[in-house]
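The structure under discussion appears below in the form of structure tokens.
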Amino acid sequence: MKRHWFVRMVAALLAAQASCCVTVPAQIRITAKSGVTVILDAPKRTYEITVARLPWKFRGEIVGNVTGAKKVRGRDRLGSYSAISFTSTDGIRYLRTIRIYDNRPAIVFQQTSGDPLRRAPNPFPVLTVHPARCSMLTFSEREFGAPPLFRAFNEPPDSSHGLHSGPLLLYDSTGSACIFSPASNFMVASIEENGSTIRSGLTRSLQSVPRGFSEST
């Protein structure tokens, strides 16, 4: 009987030691045939996106602790994709996924609220463009037909919140371009810019969001 107790104790100590030695990779990287690469740095709570033939890097910041980061393979209406999935917590739990597709240069950011909210969810993604030498164009928050229907982002914002209807076009003098657009909940979706920083999410005037509510960009 004493021997069995000793064996179990040694086994428990070895298991504890092994668990202490297991290291979670600081970075998770996925690359698609389309030329899109995403690198998540969970300890730093950042991620970086590059796209072949585009001169910019997009650096994202995550509010709250990042846990459960992993690679995922799947398929949706856009085709087969690789993804990084993780949970971030800042008092509210969010399940977040970044998908990149095998055969098209597209990225889908998806966020699901793990808890009910009495406000709009935190924006996702929040991206900073590097280098910042680019121009942006989007729909302004004005009634249809009231000039200017479009405005460039180097002009003063026409909204105290900096919110715009989207989609948002990013371009430069070489002809490089990409588009940011809400991919769901269009009536309450919004895109916000502040210099070279882009935030996508839901309008700030929302007063409640149920648990399990998902949004995509």
Item to check | Out of 54, 40, sole residue that is at pLDDT below 90, surrounded by 14 or more Cβ atoms within 10 Å (Cβ to Cβ) and under 20 Å from residue 102 (Cβ atoms) | outcome: 54
Checklist entry - Only one of these conditions is not met by residue 108: (1) at pLDDT below 95; (2) surrounded by fewer than 19 Cβ atoms within 10 Å (Cβ to Cβ). Which number is it? => result (1)
Next on the checklist: Yes or no: the stretch 99-119 includes at least one residue that is over 14 Å from the mean Cα position of the chain (by Cα), over 26 Å from residue 208 (Cβ atoms), aliphatic (A, V, I, L, M) and part of a strand (DSSP E or B).
Outcome noted: no
Checklist entry - Does residue 81 satisfy the criteria of being at pLDDT 90 or above, over 15 Å from the mean Cα position of the chain (by Cα) and of a type in the set (Phe, Trp, Tyr)? => result yes
Checklist entry - Which residues, taken from the stretch 203-217, are of a type in the set (A, V, I, L, M, F, W, C) and modelled with pLDDT of 85 or more? => result 209, 213
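The values are calculated or read from the model by the stated rules, or taken from the named source; none is laboratory data. These figures come from a predicted structure and were not determined experimentally. Quick reminder, even Gly has a Cβ in these numbers, built from the backbone with ideal geometry, and neighbours come from all protein chains shown.
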